[in-house]
Every structure is written in structure tokens, then in C-alpha cells.
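Scroll down for the structure; my scribbles are underneath it.
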Amino acid sequence: MENKKPEEESPKSPAGPQAILTGNKNDGNLIVSFAGNDLEARADFIPPGSGGKPLAQEFVSQILDRLNIVYGVQWDLIQEAMMDCNLNHRQIKDVVIARGDSPTAEVAEYFERNPHLGRAEKPAEGNARVDHRSYSPFVIVKKNQTLAKLRPRRAGKEGKNVRGVSLPFEYIRPEGVSGGANTRVEGNFIIANINGQLVESGKVLSVQESLVIKGAVGYGTGNIIFPGDVFIDGPVSDGFKIYSGGSVNIKQTFDVTDVITRGDLNVAGGIIGRGPALVKVGGAIKTKFIENCRVAARKTISVESEIINSSVFTLENISMGDKGIILGGDVYAVHGIKTGSIGKKSGKATRIHCGIDFTVQQQKEKNNNQLHILAAKLAKLRELLEAPETGGEKRAKMEELIRRLEAEQRAASVKVSDLMSRINADENAAVEVSGEIVPGTLIEICQIALFVSEPLRRIRIRLDKAGGKLLSESL
């Protein structure tokens, strides 16, 4: 820092613009003003009048010295303004004659939240081309994803005004974030330890294993796509989909469009299908009722009251209790069914299938459909091959195509035979009904069927493998 001159030679900044008087009022002159804690000095250059002296560098130097302007003097701008003022006899205004250095604040180190983890922007209302269900207000992160980055300390620097006086810098401590539950600090980063929902509370970043929705699933939440467990307190509006890497728990009636979960599905109300509704569950299902829906689960399906006009599939059991009733549709349960009653006299026919692996059966049906298509193609090609106009290169191509299709047909036939040997999964499966099975109901165990023509009450139906038939036993 330069030493200050004696007080009388270092006047304080004037309150406003200051004109420097000369001996002759017609001489060229300056009007100088200061701004920003003396960080800048500006001047108006006044041209000489009749008989007056023009502005000269020596005169300007005296003015700068008198006003104690000693740092950041802009001599190039001063000389250019003097020349213009003297030659053209016009006033040159607001010229920067000196400029100091602003101080640079010192910034403490802090963790800055990853800006790429912001919420998706909500689509504009009235835009018919945008699916508003795709909007989600939740921030979902993956394991080992960066949540925040350490911004290092930035050193401060003193400034200096045009009088050569040092200006101190300020200290800034940004309000950064810190890591909370299920996070870790690794080097200069805050990292997520698990897949889940990012929650920011009081600048603390945490990752929740589960997603809790206090209200309804609708346009306020969008479709739910979450890697862990999902808890929904309110209803699920029609048209909204739920995909979960854990379990799904719903406290009210569930209007299903699509739900896929790796874990269990627990619905305190019932499950009602909307349109081509699909429920795929990697675990068990527990609900009050199932209506107009296609439901598939790997584990046991427990239904308190009714299964109505639905296609229900499980690789384990269907458990309904004495008050349960199955009305219409197709029900597949590998290890069997326990329910109160099956069918309704005036309702649609109900078909019960037990003991078979429905996944294998679906593969078998897919291959059978392929065999039908291949057979139709081969028949058409053989018909064309017999036509008199078919010959030469065209005939050779058709024969080659027939050979390829026949190879596909043989492979599909072998696959169907293999699937047929694996389709029966549990010969001990049984259907137990504590109430009544109404006439018109079809019961099938391991591909052996029983068509119910008379009411059956309090009965257990099982397979008699040796006899190749189904037996009915009183409970």
C-alpha cells in the first residue's frame, strides 16, 4: 500500500462533482466526480473559450495530484478526450480518468447440491400433445449417484481505490448442503448409498428407501416409478401407472391401469381394473376384492371377499376364506384354491385351473400359434410351387424358403413337446369350497377337467392320477 500524503494534500472525496478553477475563466477545465467508495473517477472536459488556454497534460496532472488521484489513472482516455476537446472545441462528458480495483470476497468451502437432480418441469396446462401423467415431483436417485460436490475455498483479495487506499474484502460463507441418512462423503462428493427418493430437509440431503405419498396418485404426482417400497394413503386415479422395485401398499381402493412390482402388493380396499388393466407382482397379493382385472403373482393371492370377471394367475395358492366367492373369469393357481363359493347361477361361467404352471402353458400356446402360422405359410407355398408358371430361380427360392419354414416347424414342435412334459406342476393341487360350486363351472387339475352340472356343496376336488379323473370329497 502506498503511503498517504499529508492531510492537507489528501482531501476526502468531494460530496459531488468538483470544478477546478484556473486563473483565466476562459481556460480549458475539468469537472471531476467520484463514485463507488472512490473506486472510480470521471471527468467532464471543458474546452477553452476565447483567448483561453487549451487543456494540457501538465494541467491535468496537477488536478490529479490536487485531488489525490494516484492509482489506476487512464492516461490513454485522458489524452484522447483532451485532443477531442481542444481541436473540436466541444465538451467531452463522463470520461473515466481513473479506475481502482474492487476487492474480491473470500468464499468458504461448501457442498453444492447437484443441479442435475432438480425436479422435472411441469408441462404447461392445455398442451394436448404432452402426457401430463409423465410429470413427477419426486427426485429419484440411484445407488452411488453424486448428490453434491465440494466447492473449494476461494481466497479473497484486497482492492484499491483511485486514491491508493486499500479496500478490505468480505468473507462469504454459503449455505451449503450436508449428507444425511443413506449418504456418505467420498472425497469431494456426497454420494447416495442406496436407490431411493432424495429428500432435502434444512439443507440436509437424505435418501429414503421408500416413497410415501400422503394423498392421492394423480396429476399432482404423475406416474409412480420408484426403485423401493411405495406407500399410498389416498386413491389411485384412473390412467396412472405404478412401477416399483419393492412392494406397493395402498390404503384405499385401487383403480388399476398398470402396476408392476417386484415385491408384494397390499391393497386395503379392492382392486378394480380400468380398460386393459394389468397387475404383475413378483411377491404376494393381499386385497379385499378383485374386479375386471388381469392379475399375475408369483406367490399367494389372498382375497377377502370377491374375484369378479377377472383373469387371475399365481404360482402358489389363492386363499379366500369362507366368505370368498369367485364369479366369472379364469383363475389359475398352481397349488390350489380355498374359497367360500364358485360361480353364480345367472352369471358368466367360471373356469378354475390348478396344478399347471401357467407360465409354461402360455409358452406352449405361443408356440402352438407359431405352428399354426407356419403350417398356413407352408400350405400356401406348396400350392404355389405346384403352379405351372413357377419355375427356374423363383422355384429354387420357394423351395429354400420351404426348407427354412419346415426347420422352424420342427423346432417349435420339439419345444411344444418339452413344454407339455413340464406343464403339470403339482399333482396334489386341490380346490376346496366351503359353500357351493354352481352348475356351469369348469374345474381343471393337471389338464383333467370336471364340468359341474349339479350344485356341489362343502367339497374338496383333487386329482386321481391313476384313474385319470377328478375326485370330489366332502369336507
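At a glance:
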quantity: Extreme residue, surrounded by the most Cβ atoms within 10 Å (Cβ to Cβ), among residues of region 143-191 that are closer than 30 Å to E40 by Cβ and of a type in the set (F, W, Y); calculated: F169
quantity: Single condition S341 does not satisfy, out of (1) at pLDDT 90 or above; (2) in contact with a Leu (Cβ under 8 Å, 6 or more places away or on another chain); (3) among the hydroxyl-bearing types (S, T, Y); calculated: (2)
quantity: Which listed residue is at pLDDT 95 or above and not polar (S, T, N, Q), from A98, A128, A120; calculated: A98
quantity: Of residues in region 422-443 being closer than 9 Å to G340 by Cα and charged (D, E, K, R), the one nearest to the chain's Cα centre (by Cα); calculated: E432
quantity: Count - residues of region 84-112 that are among the aliphatic types (A, V, I, L, M), buried (at least 18 other Cβ atoms within 10 Å of the Cβ) and within 19 Å of D38 (Cβ to Cβ); calculated: 3
quantity: Selection within region 338-349 - in contact with a strand residue (DSSP E or B) (Cβ under 6 Å, 6 or more places away or on another chain), of a type in the set (G, A, S) and surrounded by fewer than 16 Cβ atoms within 10 Å (Cβ to Cβ); calculated: G347
quantity: Strands (runs of 3 or more DSSP E) (entirely within region 369-475) containing at least 1 residues that are free of Cβ contacts under 8 Å to residues at least 60 places away in the same chain and surrounded by 14 or more Cβ atoms within 10 Å (Cβ to Cβ); calculated: 448-451, 456-464, 469-474
quantity: Qualifying residues in region 277-327 (those that are in the same structural domain as N266 (by TED's automatic domain parsing) and touching a Cys at 6+ places or on another chain (Cβ under 7 Å)) - the one farthest from T359 (Cα to Cα); calculated: A277
quantity: Cβ-Cβ under 9 Å pairs, at least 6 apart or on other chains, region 316-328 side under 22 Å from V281 (Cα atoms) and in contact (Cβ under 8 Å) with a residue 12 or more places away in the chain, far side assigned to a loop (DSSP other than H, G, I, E, B) and hydroxyl-bearing (S, T, Y); calculated: E316/T300; N317/T300; I318/T300; S319/T300; I326/T441
quantity: Among (1) more than 27 Å from the chain's Cα centre (by Cα); (2) under 30 Å from G269 (Cβ atoms); (3) hydroxyl-bearing (S, T, Y), the one test that S210 misses; calculated: (1)
quantity: Complete set of residues in region 32-83 that are surrounded by fewer than 16 Cβ atoms within 10 Å (Cβ to Cβ) and in contact with a Gly (Cβ under 6 Å, 6 or more places away or on another chain); calculated: P54
quantity: Residue check for I352: out of contact with any Leu (no Cβ under 9 Å at 6 or more places or on another chain), crowded, with 17+ Cβ neighbours inside 10 Å and closer than 19 Å to R462 by Cα; calculated: no
quantity: Tally of residues being farther than 12 Å from E444 by Cα and buried (at least 17 other Cβ atoms within 10 Å of the Cβ) across region 316-334; calculated: 10
quantity: Selection status of I250, crowded, with 17+ Cβ neighbours inside 10 Å, of a type in the set (A, V, I, L, M) and closer than 17 Å to S136 by Cβ; calculated: no
quantity: Set V139, V165, V177: member being touching a residue at least 24 places away in the same chain (Cβ under 8 Å) and in contact with a helix residue (DSSP H, G or I) (Cβ under 9 Å, 6 or more places away or on another chain); calculated: V139
quantity: Extreme residue, nearest to L315 (Cα to Cα), among residues of region 356-368 that are touching a helix residue (DSSP H, G or I) at 6+ places or on another chain (Cβ under 9 Å) and buried (at least 16 other Cβ atoms within 10 Å of the Cβ); calculated: D357
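Yes or no, residue by residue, for (1) in contact (Cβ under 8 Å) with a residue 12 or more places away in the chain; (2) of a type in the set (V, I, T); (3) buried (at least 17 other Cβ atoms within 10 Å of the Cβ):
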site: V212; (1), (2), (3): yes, yes, no
site: T221; (1), (2), (3): yes, yes, yes
site: I225; (1), (2), (3): yes, yes, yes
site: D229; (1), (2), (3): yes, no, yes
site: K241; (1), (2), (3): yes, no, yes
site: G246; (1), (2), (3): yes, no, yes
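The values are calculated or read from the model by the stated rules, or taken from the named source; none is laboratory data. None of these values were measured; they are calculated from a predicted model. Neighbour counts run over all protein chains shown; Cβ positions are idealised from the backbone, glycine included.
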